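> The structure follows.
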Amino acid sequence: MDKNKKIFGIDISKETFDVVDSQGNYYQFSNNFKSFLKFLKLLDENSHCVMEATGYYHYSLACFLVEKGIAVSVENPLSVKRFIQMHLSRIKTDKSDAAMICLYGQQRLLSLWEGYSKNQLESLQLIGLLETYTKQSTALKNKLEDQQTLGNPSNLVLKSLKKNLMHLQKEMVLIEQELLVLVKQEHQQMLTQLESIPGVGRKTAMLLVVLSDGFRRFENSSQLCSFTGLTPMIRQSGSSVKGKNRISKMGNGRLRNLLFMCSFTACKCNKGCRELYERLVNQGKSKKLVLIAVCNKLLKQAFAIAKSGVLYNENHRSKLQITS
């Protein structure tokens, strides 16, 4: 971190945001535009604001600061949480959190936050709504199944559940159609390229494009795999602790589920995935572990194709071996 930079750690919530700078000064503001202007008076060209990605609460302030030419970093809340735990902090207040975020910014290598375009932001909101409706749809299906197992289910209950489920499914179709329109406006060619990968369907391709912001937010495929939550977490310590390895599951659950479904088809019609599948199965690996490996293979292929701008071609494997 540049020694001339003045770090501002920001802990932000729905109503307020607390600020502690690298000199130990503390401020509290309301989370609104009027207070943004007041906060701006404390900043100059050497200021660097650091905050956590807290749902949508941070977004307005982050966008405002970027528009005013202030350096902003929006960090993963889990990274900040682990940092605070590492320092054995026993105090948990908005002020203390802002101070620890400031210290985090002083000790870590930060990447600048660029914000989202209007198209990207709307697409992300549609994906969020789609996830909510998907969970509600699953809950309704489970409830409907429970009711149908009863010896004498209520017709009124069944009718209401089916009506709500049908309504949700229609809404999900409309959302996916609107999402497709938005993706095609900016990434029509990339969407076509991703769909050329055997095993990758349109829904998966759309989510990959939106969540990666056209693959601009990742420098290599390993970062993409980590973002999706498909990287293994190894739990082992000495000779006594040998926990079962699991994937991290840190990322978009809907994308992860779609990729897992894609892996079944990819094992049959995608040459690279099929060879990987057969090799790992012959080594005695479990089927679930092998399918997760196939998911990672699909992500690496998607990253390579998105960055190279070519359609999938199994006979040009060298073109698919872009930084992994």
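The values are calculated or read from the model by the stated rules, or taken from the named source; none is laboratory data. Bear in mind the structure is a predicted one, so any value in this text is a computation, not a measurement. Backbone-built Cβ (ideal geometry, glycine too); neighbour counts: all protein chains shown. Protein only, heavy atoms only, side chains kept; ligands, DNA and RNA dropped before computing areas. Shrake-Rupley method; radii C 1.70, N 1.55, O 1.52, S 1.80 Å.
> From the set of residues in segment 179-197 that are open to solvent by less than 30 Å² (accessible area, probe 1.4 Å) and either more than 17 Å from S123 (Cβ to Cβ) or not aliphatic (A, V, I, L, M) (or both), which is nearest to the chain's Cα centre (by Cα)?
This residue is H187.
> Now, a different point. Name the pairs: first residue in segment 71-94 and among the polar types (S, T, N, Q), second residue open to solvent by less than 100 Å² (accessible area, probe 1.4 Å) and at pLDDT 85 or above, Cβ to Cβ under 6 Å, at least 6 apart or on different chains?
Final answer for the pair search is S73/V50; S73/L110; S73/W113.
> Quick check on my filter: what residues within segment 57-80 are open to solvent by 50 Å² or more (accessible area, probe 1.4 Å), at pLDDT below 85 and farther than 19 Å from E15 by Cα?
N76, L78
> Only one of E114, E176, E131 is on the phi < 0 side of the Ramachandran plot, surrounded by 15 or more Cβ atoms within 10 Å (Cβ to Cβ) and in contact with a helix residue (DSSP H, G or I) (Cβ under 8 Å, 6 or more places away or on another chain); which?
E176
> Looking only at segment 139-159, count every residue that is open to solvent by less than 70 Å² (accessible area, probe 1.4 Å) and either among the charged types (D, E, K, R) or under 29 Å from the mean Cα position of the chain (by Cα) (or both) and tell me the total.
Within segment 139-159, residues that are open to solvent by less than 70 Å² (accessible area, probe 1.4 Å) and either among the charged types (D, E, K, R) or under 29 Å from the mean Cα position of the chain (by Cα) (or both) number 2.
> A follow-up question, please. For segment 234-293, which residues satisfy the criterion of being modelled with pLDDT under 90, more than 19 Å from the chain's Cα centre (by Cα) and of a type in the set (V, I, T)?
If the condition is that a residue be modelled with pLDDT under 90, more than 19 Å from the chain's Cα centre (by Cα) and of a type in the set (V, I, T), then I234, V241 are the ones that fit.
> How do the pairs read when you match residues in segment 268-294 that are closer than 16 Å to G199 by Cβ with residues anywhere that are among the small types (G, A, S) and assigned to a loop (DSSP other than H, G, I, E, B), using Cβ under 6 Å and keeping only pairs 6 or more apart or on different chains?
N270/G199
The rows are residues; the columns are (1) part of a helix (DSSP H, G or I); (2) closer than 28 Å to V74 by Cα; (3) without any contact (Cβ under 8 Å) to a residue 40 or more places away in the chain.
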{"position": "S111", "(1), (2), (3)": "no, yes, yes"}
{"position": "L124", "(1), (2), (3)": "yes, yes, no"}
{"position": "I127", "(1), (2), (3)": "yes, yes, no"}
{"position": "Q147", "(1), (2), (3)": "yes, no, yes"}
